[in-house]
Amino acid sequence: MNDVLLKDVIRKRLIEEIDASGLSYAEICRKVGINPSSITQYKNSTKLPTIETLAKICEIIGADANYILGLTD
């Protein structure tokens, strides 16, 4: 999978999982300790979360990081 396609998969799956969690973006940002503009950047594909941030988000929303990273379906 090329880098552009992988970034798109990560972006789509991350936002999909965040939206499915039922938590607000502001609440997730507060719990993770990131700026609310970060999620906007993830949505717009201008930035991807670090591995540490992704792990924290997954823990908070109950998502599988392997799925978000495109390692599983």
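On the basis of being touching a helix residue (DSSP H, G or I) at 6+ places or on another chain (Cβ under 7 Å), surrounded by 14 or more Cβ atoms within 10 Å (Cβ to Cβ) and on the phi < 0 side of the Ramachandran plot, does Ala65 make the cut? Yes.
So that you can scan it fast, the table gives a plain yes or no per residue for (1) modelled with pLDDT of 95 or more; (2) farther than 26 Å from Met1 by Cβ; (3) among the polar types (S, T, N, Q):
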{"site": "Val32", "(1), (2), (3)": "yes, yes, no"}
{"site": "Pro36", "(1), (2), (3)": "no, yes, no"}
{"site": "Gln41", "(1), (2), (3)": "no, no, yes"}
{"site": "Asn66", "(1), (2), (3)": "yes, no, yes"}
{"site": "Gly70", "(1), (2), (3)": "no, no, no"}
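Taking every residue in segment 50-73 that is farther than 12 Å from Arg13 by Cα and among the charged types (D, E, K, R) and pairing it with any residue that is surrounded by 13 or more Cβ atoms within 10 Å (Cβ to Cβ) and at pLDDT 95 or above, at least 6 positions away or on another chain, the pairs with Cβ-Cβ distances below 6 Å are Lys56/Val32.
Any chance you could count how many residues in segment 1-43 are in a helix (DSSP H, G or I) and within 19 Å of Asp73 (Cβ to Cβ)?
Here is the first cut: in segment 1-43, the residues in a helix (DSSP H, G or I) are 3-21, 25-32, 36-43.
Keeping just the survivors that are within 19 Å of Asp73 (Cβ to Cβ) gives 5-20.
The total comes to 16.
Does any residue of segment 4-24 turn out to be over 12 Å from the mean Cα position of the chain (by Cα), of a type outside the set (Val, Ile, Thr) and surrounded by 13 or more Cβ atoms within 10 Å (Cβ to Cβ)? Yes - at least one qualifying residue is present in segment 4-24. The selection criterion, being assigned to a helix (DSSP H, G or I) and under 11 Å from the mean Cα position of the chain (by Cα), holds for Leu54. Lys47: among the basic types (Lys, Arg), open to solvent by 60 Å² or more (accessible area, probe 1.4 Å), without any contact (Cβ under 8 Å) to a residue 40 or more places away in the chain and not in a helix (DSSP H, G or I), yes or no? Here the answer is yes, as Lys47 does meet what is asked. Only residues that are surrounded by fewer than 15 Cβ atoms within 10 Å (Cβ to Cβ) and within 20 Å of Val9 (Cβ to Cβ): list them for segment 25-40, please. Thr40, the sole residue that qualifies.
The values are calculated or read from the model by the stated rules, or taken from the named source; none is laboratory data. These numbers come from a predicted model, not from an experiment. Ideal geometry is used to build each Cβ from the backbone, glycine not excepted, and the neighbour counts take in all protein chains shown. For the accessible areas, the whole protein counts, side chains as well, though only heavy atoms, and no ligand, DNA or RNA atoms are used. Shrake-Rupley method; radii C 1.70, N 1.55, O 1.52, S 1.80 Å.
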